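Participant: Could you have a look at this structure, given as structure tokens, before my questions?
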Amino acid sequence: LTGVLDDCLCDIESIDDFNTFKIFPKIQKLQERDYFRYYKVNLKRPCPFWADDGHCSIKDCHVEPCPESKVPVGIKAGSSNKYSKAANNSKELEDCEQANKLGAVNSTLSNQSKEAFIDWARYDDSQDHFCELDGKMFKLFQNVCLICCLFKAKQVAANTHTIMSKLNTVCLTVCFLFTGESFYTWLEGLCLEKRVFYKLISGLHASINLHLCANYLLEETWGKPRWGPNVKEFTRRFDPMETKGEGPRRLKNLYFLYLIELRALSKVAPYFERAVVDLYTGNGHEDAESKALLLDIFRDTKSFRMHFDEKSMFAGDKKGAKSLKEEFRLHFKNISRIMDCVGCDKCRLWGKLQTQGLGTALKILFSEKEIQSLPENSPSKGFQLTRQEIVALVNAFGRLSTSIKELQNFKVLLQQTR
């Protein structure tokens, strides 16, 4: 797997080097920070497309919500839009908690908070989201520790096929008339935007496959399972001979997806460089270190010289471009809704996080003017990210970075077996 990727001017070797030596070590550290390790998610939404065939029967599929006592105060306190100290005023939090205990309604919010709420509501009403929002069911949200779920997810690796089967269903609705080379001939005849959509979904599919192969149940004796990379399974899913030439294309789409999210990180840097954003958890020292590390990653992303050029998308006449962008957005929104059809809770969690992360990346790429005009020392107007979107963006890119690192490991293992 070498050479230049289609629809961009970047080669695979450059991405490998950049990810291995710059991005991967730092993104791993960032994901361990409290701000990024807790994700608020609703795992109770019903499947909107077909009758759900039941949840995973294995006990390790279950996602255990974090006890409130273990969630940092700055994370459990605020709404999903709050990520600064000013927006998490401790006095207002105490008043609110006391009112909840008494069954009353707190009407003592400051004028600044009220103005922020109005801004957020106006923003949510007008923003073109790429993912399905759970706002009306916010009471069903629960805080989940991603590091805990990631470690235990290895125990249910075989169940990740549920996500892939749902994604396959989506892809088949697009390409069921074509097989093999005829499909790719048809795909190349499509406009750039539709090719990009297919590649993003295929890249996500490839990333999930790679994690499955890298954390495979190799042996289980006396109740002590042994997990690790499975070269045979990797070959079955990606070797050209085993996949009728599909495998290398799938892996190239993984690199393409990586480029898209990398570009989004470089574009959103000005949003986080402002002093008003401090990734608030309640621990001032850790918050400062988290932001410093995040800004360091942004500097690396901006130094990459072969970014995907998103300006080449939706570049036709205004009316046609607007219609195509809306079609693109709605199709991707359906992808995010399909994650509610996954039976395994851990698989559903990571499926929802990765699709929301990609949806956030797309939202960033198509909001460049709004990001450039952000005020320095006041709440965002015109463009804003919720805390869930921020956490999903970083962790989704972290999963892609890990996928590419795992691919390097498989290259070494394959060479050793020859």
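The values are calculated or read from the model by the stated rules, or taken from the named source; none is laboratory data. All values derive from a computational prediction rather than experimental measurement. Please note: Cβ atoms are built from the backbone with ideal geometry, for glycine as well, and neighbour counts cover all protein chains shown. Just so you know, the surface numbers come from the protein's heavy atoms only, side chains and all, with ligands and any DNA or RNA stripped out. Shrake-Rupley method; radii C 1.70, N 1.55, O 1.52, S 1.80 Å.
Participant: May I ask you to verify whether A275 is over 30 Å from F197 (Cβ atoms), surrounded by fewer than 20 Cβ atoms within 10 Å (Cβ to Cβ) and at pLDDT 90 or above?
Facilitator: no
Participant: Further question: Go through segment 220-240 residue by residue and tally those that are open to solvent by less than 70 Å² (accessible area, probe 1.4 Å) and either over 17 Å from Q416 (Cα atoms) or part of a strand (DSSP E or B) (or both).
Facilitator: Matching residues across segment 220-240 total 7.
Participant: Quickly run through segment 273-296 and pick out the residues that are in a loop (DSSP other than H, G, I, E, B) and charged (D, E, K, R).
Facilitator: Answer for segment 273-296, where residues must be in a loop (DSSP other than H, G, I, E, B) and charged (D, E, K, R): R274, D278.
Participant: Among residues belonging to segment 203-247 that are over 26 Å from the mean Cα position of the chain (by Cα) and among the polar types (S, T, N, Q), point out the one that is farthest from R399 (Cα to Cα).
Facilitator: Among residues in segment 203-247 that are over 26 Å from the mean Cα position of the chain (by Cα) and among the polar types (S, T, N, Q), the one farthest from R399 (Cα to Cα) is T221.
Participant: Tell me, please, whether a residue that is among the basic types (K, R) and either buried (at least 21 other Cβ atoms within 10 Å of the Cβ) or over 23 Å from L259 (Cα atoms) (or both) can be found in segment 299-311.
Facilitator: Checking segment 299-311: not a single residue is among the basic types (K, R) and either buried (at least 21 other Cβ atoms within 10 Å of the Cβ) or over 23 Å from L259 (Cα atoms) (or both).
Participant: Just one of L204, L294, L210, L265 is buried (at least 22 other Cβ atoms within 10 Å of the Cβ), under 24 Å from Q408 (Cα atoms) and modelled with pLDDT of 95 or more; which is it?
Facilitator: Testing whether each residue is buried (at least 22 other Cβ atoms within 10 Å of the Cβ), under 24 Å from Q408 (Cα atoms) and modelled with pLDDT of 95 or more leaves just L265.
Participant: Here's a follow-up. Are there any helices (runs of 4 or more DSSP H) wholly within segment 297-396 with 2 or more residues that are in contact with a Pro (Cβ under 8 Å, 6 or more places away or on another chain) and in contact (Cβ under 8 Å) with a residue 60 or more places away in the chain, and if so which?
Facilitator: 368-372
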